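Worksheet for the structure shown next.
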């Protein structure tokens, strides 16, 4: 029965998001590197409108850098470790769910980065691939778990995750589609973790 429940959740909540993400990746990166298509032109147009090219506008630039740091996996990892190491039972459960969500999102994001191999907007070489955005996938996975845990905060949490994603475009680190795919992966992973929380909370780690 447990395996059937997990399979149902995978089919209903995760697979459609994952397929849509891959379709978007394929449209943008599937053609020749120098060729243009509708989505790549759309991506570039939005990037040009959002990106704050030098000389940067202060203090907006500084504020966006601060917001972007909220999506750093090290800070989120530290917060979740503190929760399940030193908090009460409710906090420990939240810490476990957060850890499961952002680790799952991180693994999927890393794998897709290597498979898609898309350059960042301002990079001439591949370096750290852009598609999908790791900051977006991690913050949306966290926002999804906390949104389920604390429903009254769901909208502010998603707004915060959206601002992190927007900051990555504003700072010139990602195209819009990178952020959208990352957000889809993070949200789907968070939903998957939440609907399997009974099993995950039994694990000791």
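Just so it is clear, none of the values below were taken in a lab; they were calculated from the coordinates. Since the structure is predicted, the reported quantities are computational estimates derived from the model, not experimental observations. Glycine gets a Cβ as well: all are built from the backbone with ideal geometry, and neighbour counts include every protein chain shown.
Key figures
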item: Length released on extending from residue 56 to residue 126, taking residue separation times 0.36 nm less the Cα-Cα span; result: 22.7 nm
item: Distance (nanometres) between label positions extended 7 Å along Cα→Cβ at residue 197 and residue 148; result: 0.6 nm
item: Modelled label reach - residue 40, point 7 Å along Cα→Cβ, the range 90-121 residues with backbone N closer than 14 Å; result: 117-121
item: Mean Cβ neighbour count within 10 Å, used as a protection proxy, ranking 114-123, 132-141 highest first; result: 132-141, 114-123
item: Cα point-scatterer Debye curve for the range 111-176, base-10 log of I(q)/I(0) at q = 0.15, 0.22 Å⁻¹; result: -0.52, -0.86
